[in-house]
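The values are calculated or read from the model by the stated rules, or taken from the named source; none is laboratory data. Everything quoted here is computed from the prediction, not taken from an experiment. Cβ: placed from backbone, ideal geometry, glycine included. Neighbour counts: every protein chain shown. Quick note on the areas: whole protein, heavy atoms, side chains included, nothing else; ligands and nucleic acids left out. Shrake-Rupley method; radii C 1.70, N 1.55, O 1.52, S 1.80 Å.
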Amino acid sequence: MTEGNVFKLSQPGTFSDPLSAVLRCGARALLTQAVEAEVAAFVESHADKLTEAGRRRLVRHGHLPEREIMTGIGPVAVRAPRVRDRAGTGEERLRFSSAILPRYARRSKSLEVLIPTLYLKGVSTGDFEEALAALLGKEAGGLSASSIARLKDAWADEHARWLKRDLSSKRYVYFWADGIHVQARLEDDAQCLLVIIGATAEGTKELVGLTDGMRESTRSWKELLLDLQRRGLPIGPELAIADGALGFWQAIEEVWPKTRGQRCWVHKAANVLNKLPKSQQSRAKRALQDIWMAATKKDAEAAFKAFVATYAVKYDKAVDCLTKDREALLAFYDFPAEHWKHLRTSNPIESTFATVRHRTVRSKGCLSNRTALAMIFKLAQAAEKSWRRLDGHHQLPKVIIGVKFIDGIEAPRQQPQAAA
């Protein structure tokens, strides 16, 4: 029998995946080319720097030992290039640092996002190695229970540093605020996470605050807002969007009294409908939509009156629930119409933390509040990269300088009268 006729048999419990092998081979070639181009550009940018002998100061100097980067398609081997600085004694040395392949990196960012997602979905630490091997292949190393535990500690430290970051260069036009309740296995009480997302003057959304509090109390919210203020955020947002939690509204009024409030229509509609019998809810839901979807504030107020007239006699509790926040529910009409769909609801927080809200004490998830906070922080950071920019972002500078909007349209400026 010739060597060409010998075939290797698959062992029980194993399988081959030629497609993944081809993809990893292609990924390795592309990664190598990208890093080589990166180091070539770095060396060329310093081509004018010479040694005392007149030779180029910065030159290529081989490669570092090969290492494997764990990615979504399994491990990809790569060798990072080295650069040598031939500077003389006493001169500050130039060092090459790859943005594509950071030093000591062992896994891709997408994989780091996968880990907290699986954890919050209920996969216990001891099952991670098996779960990731099924997703990435049996070669997925370095993801044992102990390495996951180290990652959790690192993320907790990263969150602690993030809580101390400087905010003096920031200016937020809008705030979305909400409280997220989670239950850790080794804790007696549910944990309340206070979350704030802000819209910058450029229209991008950023995670501004994420910390644990006590049942969305005024004290907890005020501590968070004062902390933002101490770290360089002296000016509050023009508008804050949240549900009816009294703790937040009282806190922001004390810290930033000039900030206006907009109640979340999704929460308000749910609260109103809960006070009506099921037979009335479908019709009432359409009536509520007539209010917050009205083209003008005048039309919204007319729809408000129609709702009150229809339900006040029999369902006064539902009407009281709606009318007590009348002004705050219609505040969005004084802002650009392009922003209305962003301002009528706290959906940026609701959609981001939907996975977290579905956790229960029965799942195999976080053992402690500290672990839960670290995992949620990493999920929020990952989600932040995909948050969409606000429509009509060019209108935000006008909001900052106080341009008046009527029914979403910029009001014409009054011309100064000429002297007689």
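So what is the accessible area of the range 186-260 per residue, in Å², with the probe set to 1.4 Å? Before the final figure, lay out each step's value.
Details: 3420 Å² over 75 residues.
I get 46 Å² per residue for the range 186-260.
Can you check what the net charge comes to around HIS61, using other residues whose Cβ is under 11 Å from the Cβ of HIS61 (Lys, Arg +1; Asp, Glu -1)?
The answer is +3.
Can you pull a Stokes-Einstein diffusion coefficient for the range 196-297 at 25 °C (0.890 mPa s), Rh from Kirkwood over Cα pairs, as a whole number of µm²/s? Write out the running numbers ahead of the final one.
Values: Rh = 15.7 Å.
Calculated translational D: 156 µm²/s.
How long is the range 254-329 along each principal axis, judged by its Cα atoms, biggest number first, in Å?
Principal extents (Cα only, largest first): 43, 25, 20 Å.
Cβ under 9 Å from ASP243's Cβ, ASP243 left aside: what net charge do those residues give with Lys, Arg +1 and Asp, Glu -1?
Every neighbour counted, the sum reads +1.
Pairs to check: LYS170/LYS398; LYS275/LYS305; LYS222/LYS258; LYS152/LYS385; LYS222/LYS324; LYS275/LYS404. Give those whose C-alpha atoms are more than 26 Å from each other in this structure.
LYS275/LYS404
Amide H to amide H, which residues 5 or more places from MET214 or on other chains are under 5 Å from it, using H placed in the peptide plane?
Long-range HN contacts for MET214: SER220.
Counting other Cβ atoms within 10 Å, keep those with at most 14, restrict to DSSP loop, and tell me which chymotrypsin sites (Phe, Trp or Tyr not before Pro) in the range 232-307 are left.
Of the chymotrypsin sites (Phe, Trp or Tyr not before Pro), not one in the loops of the range 232-307 has a Cβ with at most 14 other Cβ atoms within 10 Å.
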